[in-house]
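A.B. asks: Input: one structure, supplied below.
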Amino acid sequence: MEAVNEPVVVLQNISKKFGGIFALNQVTFDLRNEIHSIVGHNGAGKSTLVRILMGAIQPDDGEIYLNGSPVSFDSPREAQENRISMVWQELSNFPNLTVTENLLMQRFVTKANGAINWKASHDLCKQFLQRLSLDIDPKSMMGKLSLAQQQLVEFSKALSYDPVVLILDEPTSALSFREQEILYEKIIKIKSQGVAVVFISHKLDEIMTLSDRVTVLRDGQKIFTKMGNELDKDSLVEAIVGKPSERKKEKIRNTGQRDVDSNTGLILEVKNLSLERRLEKVSFSLNKGEILGITGVSGSGISDIGKILFGIEQDYTGEISLEGHPYESLTPQDAVKQGLGYVPKDRKEEGIIPGMTVGDNIVLSTLKQIYMTGFVNNRIRDEVIYRIMDIIDLKPRNPEIAISSLSGGNQQKVVMARWISKKTRVLILDEPTRGVDVGAIGKIYSLIRDLTHQGVSVIVISSEFEEVHSVADRMLVFNKGKIVGEIKPASSVWEDAFALAIK
Ligand SMILES: Nc1ncnc2c1ncn2[C@@H]1O[C@H](COP(=O)(O)OP(=O)(O)OP(=O)(O)O)[C@@H](O)[C@H]1O
Ligand SMILES: [Mg+2]
């Protein structure tokens, strides 16, 4: 596995700042006919680097060369025209359009009169899908497919442009083991056909098996580029998280952390929880008033924990008890009745009703109580709304405006507020700060802390290790569906957790 050929792409001394902070600082990266992986923890600058190559964002400094000539793309479309394709980290499709419409976009097969030939277009789409052995109906709506299928359709789409450079930004996070294997086979095949591949992932096992070369980024800086066969896992982990002596202790002090385990008592206990191919014999407990972090890289099974506890995922084995009594949540409604609350990862899909006002979204889950008496008591309704807007420090403090006009962070606070207005005993938050602007992240965490003072116990599920470390009383680290460690933030740094999660 040697990359002796000429570079196809060179990114030379690339720098990019966001809000005065370097997302990339003088990073040089070259790509040949190889599989070149980029690794680094959350926020290391991986996506920023490839987004710059794609023309999605412009660098502040540095040059880009394609086959030896300087280039600069104003948009991903321009990169695409130069046969550089990317599968984006966040799904970038149109859920209300068909697979064919999503995949072909401006490239439909047309009839002599210029009208779209749908039959031929679907057939062409089918051909593209078959290259990845995908058995997906081209006529189905994109939004109806599983996340994994959507990701694979996007992969087919990237390939359909016949790229010379293919960039995959965490392409396997939503895939099952079998689907991952198919993807790896395809990636290796694509490389053998002369395509240069950039592969971004947190999964070090797949990095080690797939990569000809590996580049490590940390806090916007390149640590090294090395041949895959020169690397062992321990040295890779160390490059990603830094040597213990290099870690900045002061930045990770967890200020409010408390020792709650011994005296408050258990609220929730989970024993031998398993879910086929996703979770294996997971056991843990949650103390009253505790903030428990459940951390792991995407695809480690952490989200499944929340879905099981809230009755969304029911095919598990194992035992759960709530305050000493057996607990089985057959539906989310059951879960709510028993005092659980849940804020899903994708609040746009499940958390908020975009067409409704802020006030209506706040009272959504208390409507029953408010309207129970048979008539609408507006005074109580308003009392609830204003009380909650105060608790969550909502900006602007106006219940009449549309929820969709709020910033991401304020929307998230409203989603959480729905559970404050109920008698929630255990609140489960899945990636509570995803898509939330930096300024609001701290507010969300202080809201979480306030909740525990009211007796709520909180489970924070997140792949943002540094953040969870700053708020949790205890962190459980997941790796491939198993708990691989328990970290006390007071006596550790967040990199300790991350190192366990990727090993
Ligand atoms: N559009 C943006 N505006 C402001 N800051 C940004 C923007 N995009 C990225 N950043 C910041 O730049 C840094 C690098 O982000 P980037 O998305 O490149 O990280 P990453 O290595 O891809 O992380 P992950 O593994 O979480 O995907 C982060 O601190 C991030 O918050
Ligand atoms: Mg990224």
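The values are calculated or read from the model by the stated rules, or taken from the named source; none is laboratory data. This one's a predicted model, so the numbers in the text were calculated from it and none came from an experiment. Every residue, glycine among them, receives a Cβ derived from its backbone with ideal geometry; neighbour counts consider all protein chains shown. Just so you know, the surface numbers come from the protein's heavy atoms only, side chains and all, with ligands and any DNA or RNA stripped out. Shrake-Rupley method; radii C 1.70, N 1.55, O 1.52, S 1.80 Å.
A.B. asks: So if R0 is 22 Å, what FRET efficiency would Gln221 and Gln58 give, r being the distance between their Cβ atoms, rounded to the nearest 0.05?
C.D. replies: Approximately 0.65, to the nearest 0.05.
A.B. asks: Pull up the cross-link candidates among the lysines for Lys16, meaning alpha carbon to alpha carbon under 22 Å and not fewer than 8 places away within one chain.
C.D. replies: List returned: Lys46, Lys222.
A.B. asks: Collect residues whose amide H, placed 1.01 Å from N in the peptide plane, falls under 5 Å from the amide H of Arg434; neighbours closer than 5 in sequence don't count.
C.D. replies: Those lying under 5 Å, H to H, from Arg434: there are none.
A.B. asks: Taking the chain as the reference, fit the longest principal axis to its C-alpha atoms, fit the long axis of helix 408-420 to the helix C-alpha atoms, and give the angle between the two in degrees, 0 to 90, nearest 10.
C.D. replies: Between helix and principal axis, roughly 30 degrees.
A.B. asks: What does the chain give for Rg and for Dmax, in Å, if only its C-alpha atoms count?
C.D. replies: 24.2, 78
A.B. asks: Which whole-angstrom value gives the distance between the alpha carbon centres of region 1-43 and region 86-135?
C.D. replies: One Cα centre to the other: 31 Å.
A.B. asks: Same structure again: Among the DSSP beta bridges whose two residues both lie in the chain, what percent are antiparallel, rounded to the nearest 5? Don't skip to the end; give the middle numbers.
C.D. replies: Details: 42 of 77 bridges.
Bridges in the chain that DSSP calls antiparallel: roughly 55 percent.
A.B. asks: From Cα pairs below 8 angstrom and at least 6 apart in sequence, can you work out the relative contact order of the chain, rounded to a whole percent?
C.D. replies: Relative contact order, the chain: 15 percent.
A.B. asks: On a full-extension model of 0.36 nm per residue, what is the gain between Arg397 and Ser321, subtracting their alpha-carbon distance, rounded to one decimal in nm?
C.D. replies: So the extension gain works out to 23.5 nm.
A.B. asks: So, with a 1.4 angstrom probe, what is the percent of accessible area on the chain that is carbon and sulfur? Please report the intermediate quantities before stating the final value.
C.D. replies: Details: 11300 of 22580 Å².
Solvent-exposed carbon and sulfur of the chain make up 50 percent of the total.
A.B. asks: While we're on this one: Return one number: the angle in degrees, 0 to 90 and rounded to the nearest 10, between the long axis of the Cα atoms of helix 118-130 and the longest principal axis of the Cα atoms of the chain.
C.D. replies: Rounded to the nearest ten degrees, it is 90.
A.B. asks: Among 202-209, 37-44, how do they line up from the highest to the lowest mean number of other beta-carbon atoms within 10 Å?
C.D. replies: Numbers: 202-209: 18.4, 37-44: 22.4.
The peptides rank, most packed first, as 37-44, 202-209.
A.B. asks: Can you pull a Stokes-Einstein diffusion coefficient for region 9-247 at 37 °C (0.692 mPa s), Rh from Kirkwood over Cα pairs, as a whole number of µm²/s?
C.D. replies: Calculated translational D: 175 µm²/s.
A.B. asks: Taking only protein heavy atoms into account and a 1.4 Å probe, give the accessible area per residue of the chain in Å². Before the final figure, lay out the partial values.
C.D. replies: Details: 22580 Å² over 503 residues.
With the other protein chains kept in place, the chain gives 45 Å² per residue.
A.B. asks: Using square roots of five times the C-alpha gyration tensor eigenvalues, list the equivalent-ellipsoid semi-axes of region 381-503 in whole Å, biggest first. Let's see the in-between values first.
C.D. replies: Values: eigenvalues 178, 47, 27 Å².
Values for region 381-503, descending: 30, 15, 12 Å.
A.B. asks: For the peptides 50-61, 89-100, what is the packing order when you average, over each peptide's residues, the other Cβ atoms within 10 Å and list the highest mean first?
C.D. replies: 50-61, 89-100
A.B. asks: Also, I was wondering about something else. Helix 438-453 against the longest principal axis of the chain: what's the angle in degrees, Cα atoms only, rounded to the nearest 10?
C.D. replies: The angle comes out near 30 degrees.
A.B. asks: In nm, to one decimal, how far is the modelled label at Arg387 from the one at Trp118, with both set 7 Å along Cα→Cβ?
C.D. replies: It is 5.4 nm.
A.B. asks: Among 185-198, 471-484, 62-75, what's the highest-first ranking by average C-beta atoms within 10 angstrom per residue?
C.D. replies: Put in order of decreasing packing, that is 471-484, 185-198, 62-75.
A.B. asks: Here's another thing I want to ask about it. Mind checking Rg over Rh on region 48-136, alpha carbons, Kirkwood formula for Rh? Walk me through the numbers on the way to the answer.
C.D. replies: On the way: Rg = 16.5 Å, Rh = 15.4 Å.
Answer for region 48-136: 1.07.
A.B. asks: Here's another thing I want to ask about it. When the helices in the chain are scored as -39500 (n - 2.57) per DSSP H run of 4 or longer and the sum is shared across all residues, what 222 nm value do you end up with, to the nearest 500 deg cm²/dmol?
C.D. replies: It lands at -9500 deg cm²/dmol.
A.B. asks: I need the calculated FRET efficiency for the pair Leu91 and Phe18, taking r as the beta carbon distance and R₀ as 22 Å, to the nearest 0.05.
C.D. replies: E(calc), rounded to 0.05, equals 0.45.
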